[in-house]
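The block underneath contains the structure these notes are about, expressed in C-alpha cells.
Every read-out reported here was derived from the displayed coordinates using simple, explicitly stated rules and does not represent laboratory data. As the structure is a computational prediction, the values presented were derived from the model and not from experiment. Neighbour counts run over all protein chains shown; Cβ positions are idealised from the backbone, glycine included.
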There are 2 protein chains.
Amino acid sequence: MSYQEMLAHLPLFSCEPTQVLIVGGGDGGILREVVKHSCVEKVTWCEIDGDVVDAAKQFMPSVAKAIGNPKVELLVGDGVAFAEKSKDNSFDVIIVDSSDPVGPAEKLFSKEFYVNAERILKPGGVICSQGECLWLNEELIATMVQDYGACFASAEYATIQVPTYPSGQIGAFMARKRGGKGEVSCRWPVREPKDMELRYYTPEMHAAAFALPAFLQRRLEAPSKKRRLAWQ
Amino acid sequence: MSYQEMLAHLPLFSCEPTQVLIVGGGDGGILREVVKHSCVEKVTWCEIDGDVVDAAKQFMPSVAKAIGNPKVELLVGDGVAFAEKSKDNSFDVIIVDSSDPVGPAEKLFSKEFYVNAERILKPGGVICSQGECLWLNEELIATMVQDYGACFASAEYATIQVPTYPSGQIGAFMARKRGGKGEVSCRWPVREPKDMELRYYTPEMHAAAFALPAFLQRRLEAPSKKRRLAWQ
C-alpha cells in the first residue's frame, strides 16, 4: 500500500544503498519494497515479534512475499538493543516501520535511539521512520525534526496519504547523516524507478511529499520550543 | 480548513483574477478565501439554498465572515441555470464548491455544465471544482479530466488532504480555457500570497497538489476508456 511504498522508497531513492537495516515491519511489506532495489546487497531485518512474521507468511502472502529472499537476514529481537550494539558506519539506509510511540515502540521515538541510529549509519546515509500524523501529532513531529534531527545533516518530515489510517495521513521522519557527498536534503531523489511494480511512488510524489501545510512549515521553521538536549 | 483554502487558492493563484464566480459553497468558506485576493473586483456567488447562507451567518460566523462584503453579489439559485444564461467570456475564475454528484449537485458534474463553464470563462480563465476522492472515485476523475476537460487548454486533478473527509482526501478538477497568454497547466502559481492569513496553502503546496499516485497518473495519461463525446 501507499504507506509501505513511500516509507521504503523515500530513503532508498535518496541515496545508492547497498546495506539496509529494517526495524519492525513484521508483515514484510517494507522488505518487499526494499528488495525491488537491485543495488541493495544485504538487508538486515530486526523485528521484535517472530509470530507476526509467521502470521504474515501464512495469511498475507502477497505482502510477505520477500521473506526468505537470500539477501535478507532476519533477526528476531529489539531494534533499540540492536542499534546499541551495532558497529559505527554500518548502513546506508535505516527504515523504522513501527507502531505508535506507546508500549513496545516507545523507545524507537527516543533520543537515545536516534543517537545510535546516526552512529551506525554510513556518512550520507538516511534514516526514515514512521513519523505519525501531521493533523494529530504536531508536537511529536516538531520534537523529532528539531531535537532528534539536530545531530544529522538534515532532518525533515514527509507526508504520505494512507486512506485507511486516522485522518488519511501519516508521515515519515527523514534524516541524513553528515559527511555525504551529495545533496543534504532528502527531497530530491537521486535515482529513478526502473522495472519496479509501483502503484504509488513516483519521483514527483517523492518531491511533493516534502511540501507541508503552512501551519506545520511555520512550526518546523520556528526555533524549537523544547529545552535543547545535552548531546546537541 | 484545508479544503476551502486549496479549492479557492489553487485557481486564484493560477491567474490574475478580477471577476470570480462561486457556485455553491453556501457556508461562505470559499468566499472568505476569495476576498483575500485584493485583485478581485467582483464576486458573483450563486448558491442554490439561501437557508444555508443564513444558517452559516448565525452559527458559523468565522467561516461566514465575508458574507456581506461589498464586492460580493449573492444570487440564490441554480448554478447550472446561471451558467446557461451567462454571457460569454465573463469570468476569470469559476469555483464550484458542491456536494457529491447525486441529487442537487448532479448536474454540476455533467458535460453540459462544463460546456457552459468553458464558454463563460475569459480566455485563459480557470475553473476549479470539487473533484471527489482519488481512492474512491477514479472513474469519475478520469471522466472529468479526459472527457469534460477535452474542450479546455488543460485539464488536471489536484489532491487536497482533508482529515475529516472519507479517506482523508478530496481533489480539485482544474481546467484552463484556451486563448490565455501564460502557462497552460495550472500547476505553477503565477502570484504569491501576500498579507493573507493562510493555515494551509503555500506555493509549494500548490505545485505538490498536482503530483498524483502512480496508479492514477497512469490512468489519466492513458487514452480515455469512454466513448468520445459529440462536442469534442
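Take A:ARG178, move 7 Å from Cα toward the beta carbon, and the resulting point lies 5.9 nm from the same point in each other copy, nearest first. Between A:ALA150 and B:GLU41, the modelled label-to-label distance comes to 5.5 nm, taking each label 7 Å out from Cα in the direction of the beta carbon. Among chain B residues, the one whose Cβ is nearest the axis of the rotation from B to A, given with its distance rounded to whole Å, is B:GLY168, 1. As a length-normalised measure over Cα pairs under 8 Å and 6 or more apart, the relative contact order of region B:2-221 settles at 22 percent. Angle check, please: helix B:50-59 long axis (alpha carbons) against the longest principal axis of chain B (alpha carbons), in degrees 0 to 90, nearest 10. Computed tilt is about 60 degrees. Taking every alpha-carbon pair under 8 Å whose residues sit at least 6 apart, region B:42-98 reaches a relative contact order of 46 percent. Non-local lysine pairs in region B:2-221, meaning eight or more places apart or on different chains, with alpha-carbon distances under 18 Å, amount to 17. Phi angles of region B:64-76 translate, via the Karplus equation with coefficients 6.51, -1.76, 1.60 and θ = phi - 60°, into HN-Hα couplings of 8, 5, 8, 5, x, 4, x, 7, 9, 10, 8, 10, 7 Hz per residue; Gly and Pro are given as x. In percent, rounded to a whole number, the relative contact order of region B:1-87 is 30, using alpha-carbon pairs under 8 Å and six or more apart. Counting only Cβ charges, +1 for Lys and Arg and -1 for Asp and Glu, the dipole size of the protein assembly as shown around its Cα centre is about 1200 debye.
Using only Cα atoms, find the angle between the long axis of helix A:2-12 and the longest principal axis of chain A, and express it within 0 to 90 degrees, rounded to the nearest 10. Its long axis makes an angle of about 80 degrees. Shown is the FRET efficiency for B:LYS181 and A:GLU192, computed with R0 = 30 Å from the Cβ-Cβ distance and rounded to the nearest 0.05: 0.35. Modelled spin-label separation between B:GLU106 and B:ARG199, with each label point placed 7 Å from Cα along the Cα-to-Cβ direction: 3.5 nm. Each copy carries a label point for B:VAL102 at 7 Å from Cα toward Cβ; from one copy, the others' points are 3.5 nm away, ordered from shortest.
Per residue of peptide A:167-176, the mean number of Cβ atoms on other chains within 10 Å of the residue Cβ is 3. The angle separating the long axis of helix A:111-120 from the principal Cα axis of greatest extent in chain A is about 60 degrees. Starting from the label point of A:CYS39 at 7 Å along Cα→Cβ, the same points in the other copies fall at 4.2 nm, in ascending order.
Each other residue within a Cβ distance under 11 Å of A:ASP88 adds +1 if Lys or Arg and -1 if Asp or Glu, for a net charge of +3. Quick check on chain A: take the gyration tensor over C-alpha atoms, sort the square-rooted eigenvalues as a ≥ b ≥ c, and tell me if it's rounded (a/c under 1.5), prolate or oblate. In terms of gyration-tensor shape, rounded.
If you take every DSSP beta bridge fully contained in region A:49-171, what fraction is antiparallel? Give it as a percent rounded to 5. Of all bridge pairs located within region A:49-171, approximately 40 percent are antiparallel.
Counting only DSSP beta bridges whose two residues both lie in the protein assembly as shown, roughly 40 percent are antiparallel. In this rough spin-label picture, where each label sits 7 Å from Cα along the Cβ direction, the A:GLU221-A:LEU136 distance is 2.8 nm. Tell me the net charge near B:PHE13. Cut-off is 14 Å between Cβ atoms, B:PHE13 excluded, with +1 for each Lys or Arg and -1 for each Asp or Glu. That sum, taken over residues with Cβ under 14 Å, equals -2. With the highest mean first, a sort of the peptides A:215-223, A:63-71 on other beta-carbon atoms found within 10 angstrom per residue produces A:63-71, A:215-223. Take A:79-85, B:30-36 and order them by the average number of nearby Cβ atoms within 10 Å per residue, most first; the result is B:30-36, A:79-85. B:GLN58 sits among other residues whose Cβ lies under 13 Å from its own Cβ, and their net charge, with Lys and Arg +1 and Asp and Glu -1, is -1.
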